[in-house]
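The structure appears below as structure tokens.
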Amino acid sequence: MSKYIFIGGGVMSSVGKGITTASIGKVLQSRGYSVTAVKIDPYINVDAGTMNPIEHGEVFVTDDGTECDQDIGNYERFLDLNLSKDNYMTTGSVYLSVIKKERNLEFEGKCVEVVPDIPNEVISRIKNVEEKTKADFVLIEIGGTVGEYQNMLFLESARIMKLKQPKDVLFVLVSYLPIPSVVGEMKTKPTQTAARMLNEAGIQPDFIFGRASRPLDEPRKKKISLFCNIREENVLSSPDVESIYEIPVRFDEQGLGDLILEKFELDKGTKDLKEWEDLVNRIKSCEEEVKIGIVGKYFETGEFNLLDSYISVIEAVKHASWFYHKKPVITWLSSSKYENGENLNELDEFDAIVVPGGFGTRGVEGKIKVIEYVRKNNIPFLGLCLGLQLAVIEYARNVCNIKDATSREFNDKAENLVIDIMEEQKELLKNNNYGGTMRLGSWDCNLKKDSLAFNVYEKEDIKERHRHRYEVDNSYRDILEKNGLIFSGINKDKDLVEIIELKNHPYFIACQFHPELKSSPLKPHPLFKGLIEATKQKTA
């Protein structure tokens, strides 16, 4: 039977529950145990697919096409897992499932109530993951912050599981300890309050992870131990670190693996974090910089930058850079500043440019100007999803002389829609059927031999993850190919363009899929590795 570890957050959102969950899993994996992870989001949204990335962060997509929270990406990267719809749930999906069961008379005419029927549905889903994966440990991250109304039912699920299986369930509280600049001292009262709120939900935390800009000192640990009713050795320090991939190593140094396995009365096994420790050492030893510009629009929110909108792209760039012992320096470039053809020469400062995915018309002309500039000036370039579509539009306009080339997404009245919508999508949009209806999940792609794509992947058939509605219109392929654009990756089942590239350029390649979703620190994605390798030639 699996053991269950629930992870909740205290004091504020974005405290690091997802990375903590993934790091706990990595520590347990290093002891020889199998691990899986579940994310619970307290949103009425059925999935993350309709959420604005500026407000919610990146929408991660699994092989089976589930549009989910970015923490699923953290789990996959840390734990080397391919997760699925079973590993993700929202308030909306749970309620929808219970209501469907009620409509189908699966409750046999009984009165269906919020408690216990909603928590029971949550528990059923967690048990389903256990049954399918046979994992030794199921880690369950509860989104939001302790004390919020939205996640109370999920805490209730944890309470009920602990009640029924007291020896099989632990609860972790990840809580923030502020250091007010006017005071100059780390304060524990917010964490004490968070622990008390958790107690009010019927849960006593087994571990408290203190998130702060600096490590917890002994006085703070003693105070948390005393006032939160927890042994001092079960208060762990989780300070800010240079790289999130350090965190499993730091937890292991504090004896986390031993502490968890002792709690569950399990064999401590033989510790093996060497590969992860080597990764951390390599990250710290990188000195030679590689400058990467990412041209996007989903990182400006008021006066702040929300980098979570492109978190998988950021991590994929880092993974590939570290592979070549390079220190990545990533700069965010707002596409709107290039729309009038100005400021483009600043792109010469970068070793490579990435144009990631996105939706809507805002900023697209600026991105097209950027793509034209990097194409003409031999700056290594990688386009992702929308990045491919804009590269095709740019080439059609400026090389094939189709001056009004565009996408139906931007102007459905234009004559030359070199990017158009798939036929099956037209009916969906006509009926306002947006949720979960894009081309999603893993699709096959066949690579043209002797192409750049074939050389970086080193194989002919690949599978990659998608999330989009628009495609290259095949009726324009002939003129584009005659003018030098190479279609090096094709989905044969539907005859869809998956990868384009150019010859006689250090690295100009774009893909209709999202390769960043399959990159991990120990297995960098080939397309990102190719990009970083090309920068070595540029700087040579």
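The values are calculated or read from the model by the stated rules, or taken from the named source; none is laboratory data. This structure is a prediction, so every number in the text was calculated from the model and none was measured. Here the Cβ is made from the backbone with ideal geometry for all residues, glycine too, and neighbour counts use every protein chain on show.
Just the residues that are buried (at least 21 other Cβ atoms within 10 Å of the Cβ) and in a helix (DSSP H, G or I), please, taken from segment 71-97. Scanning segment 71-97 gives ASP71, ILE72, GLY73, ASN74, TYR75, GLU76, ARG77, PHE78, LEU79, ASN87, THR91, VAL94. Checked against the criterion of being modelled with pLDDT of 95 or more, surrounded by fewer than 20 Cβ atoms within 10 Å (Cβ to Cβ) and part of a loop (DSSP other than H, G, I, E, B), segment 527-535 contains not a single residue that satisfies it.
Checked against the criterion of being in the same structural domain as SER519 (by TED's automatic domain parsing) and modelled with pLDDT of 95 or more, the candidates GLU464, GLU409, GLU471, GLU424 yield just one match: GLU464.
Here's the yes/no breakdown for (1) basic (Lys, Arg); (2) surrounded by 18 or more Cβ atoms within 10 Å (Cβ to Cβ):
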{"site": "ASN432", "(1), (2)": "no, no"}
{"site": "MET438", "(1), (2)": "no, yes"}
{"site": "CYS445", "(1), (2)": "no, yes"}
{"site": "LYS459", "(1), (2)": "yes, no"}
{"site": "LEU485", "(1), (2)": "no, yes"}
{"site": "GLU498", "(1), (2)": "no, yes"}
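Looking only at segment 444-498, residues that are part of a loop (DSSP other than H, G, I, E, B) and among the aromatic types (Phe, Trp, Tyr) come to 0 in all. If you go through segment 311-348 and pick out every residue that is part of a helix (DSSP H, G or I), more than 24 Å from LYS284 (Cβ to Cβ) and either in the same structural domain as ASP69 (by TED's automatic domain parsing) or touching a residue at least 40 places away in the same chain (Cβ under 8 Å) (or both), you end up with 3.
One residue alone among GLU265, GLU242 is modelled with pLDDT under 95, out of contact with any Leu (no Cβ under 9 Å at 6 or more places or on another chain) and of a type outside the set (Ser, Thr, Tyr), and that residue is GLU242. Candidates VAL46, VAL115: the one that is on the phi < 0 side of the Ramachandran plot, modelled with pLDDT under 95, under 22 Å from the mean Cα position of the chain (by Cα) and not basic (Lys, Arg) is VAL46.
Hey, could you check segment 247-271 for residues that are among the acidic types (Asp, Glu) and touching a residue at least 60 places away in the same chain (Cβ under 8 Å) and say which is surrounded by the fewest Cβ atoms within 10 Å (Cβ to Cβ)? Lay out the reasoning, then the answer.
First pass over segment 247-271, keeping only residues among the acidic types (Asp, Glu): 252-253, 258, 262, 265, 267.
Among the residues that remain, those that are also touching a residue at least 60 places away in the same chain (Cβ under 8 Å) are: 252, 265.
Numbers: ASP252: 20, GLU265: 7.
Residue satisfying both the conditions and the ranking: GLU265.
Would you please list the contacts, defined by Cβ atoms under 7 Å and residues six or more apart or on different chains, that run from a residue in segment 145-169 that is under 18 Å from THR90 (Cα atoms) and in the same structural domain as LEU259 (by TED's automatic domain parsing) to a residue that is of a type in the set (Phe, Trp, Tyr) and modelled with pLDDT of 95 or more? Listed pairs, sorted by first residue: ALA158/PHE6; ALA158/PHE171. Suppose the filter is among the hydroxyl-bearing types (Ser, Thr, Tyr) and either exposed (fewer than 15 other Cβ atoms within 10 Å of the Cβ) or modelled with pLDDT under 95 (or both); does SER124 pass it? So SER124 passes the test.
Going through segment 224-265 one residue at a time, which ones are acidic (Asp, Glu) and part of a loop (DSSP other than H, G, I, E, B)? Walk me through how you get there before you give the answer.
Taking segment 224-265 first, the residues acidic (Asp, Glu) are 232-233, 240, 242, 246, 252-253, 258, 262, 265.
If the condition is that a residue be acidic (Asp, Glu) and part of a loop (DSSP other than H, G, I, E, B), then ASP240, GLU242, GLU265 are the ones that fit.
Listed conditions (1) at pLDDT 95 or above; (2) of a type in the set (D, E, K, R); (3) surrounded by fewer than 20 Cβ atoms within 10 Å (Cβ to Cβ); (4) on the phi < 0 side of the Ramachandran plot are all met by GLU185, apart from (1).
The set of residues in segment 487-496 that are in contact with a Phe, Trp or Tyr (Cβ under 9 Å, 6 or more places away or on another chain) and surrounded by fewer than 23 Cβ atoms within 10 Å (Cβ to Cβ) comprises ASN491, ASP493, LYS494, LEU496. Screening PHE107 with (1) of a type in the set (Phe, Trp, Tyr); (2) assigned to a helix (DSSP H, G or I); (3) over 23 Å from SER13 (Cβ atoms) gives one miss only, at (2).
Please specify each residue of segment 96-153 satisfying the condition of being of a type in the set (Asp, Glu) and closer than 25 Å to PRO205 by Cβ. Talk me through it step by step, then tell me what you get.
Of the residues in segment 96-153, the ones of a type in the set (Asp, Glu) are 102, 106, 108, 113, 117, 121, 130-131, 136, 141, 148.
Those that are of a type in the set (Asp, Glu) and closer than 25 Å to PRO205 by Cβ: GLU121, GLU130, ASP136, GLU141, GLU148.
Of all residues in segment 23-54, those that are outside any loop (DSSP other than H, G, I, E, B) and free of Cβ contacts under 8 Å to residues at least 60 places away in the same chain total 1.
Evaluation of LYS221 against the conditions (1) in a helix (DSSP H, G or I); (2) free of Cβ contacts under 8 Å to residues at least 12 places away in the same chain shows that the sole unmet condition is (2). Between ILE294, ILE244, ILE203, the distinction of being assigned by TED's automatic domain parsing to the domain that holds THR535, surrounded by 17 or more Cβ atoms within 10 Å (Cβ to Cβ) and not small (Gly, Ala, Ser) belongs to ILE294 only.
Somewhere in segment 152-167, is a residue in a loop (DSSP other than H, G, I, E, B), buried (at least 16 other Cβ atoms within 10 Å of the Cβ), of a type in the set (Asp, Glu) and modelled with pLDDT of 95 or more? Talk me through it step by step, then tell me what you get.
First, the residues of segment 152-167 that are in a loop (DSSP other than H, G, I, E, B): 165-167.
Those still in the list that are buried (at least 16 other Cβ atoms within 10 Å of the Cβ) too: none.
Scanning segment 152-167 turns up no residue that is in a loop (DSSP other than H, G, I, E, B), buried (at least 16 other Cβ atoms within 10 Å of the Cβ), of a type in the set (Asp, Glu) and modelled with pLDDT of 95 or more.
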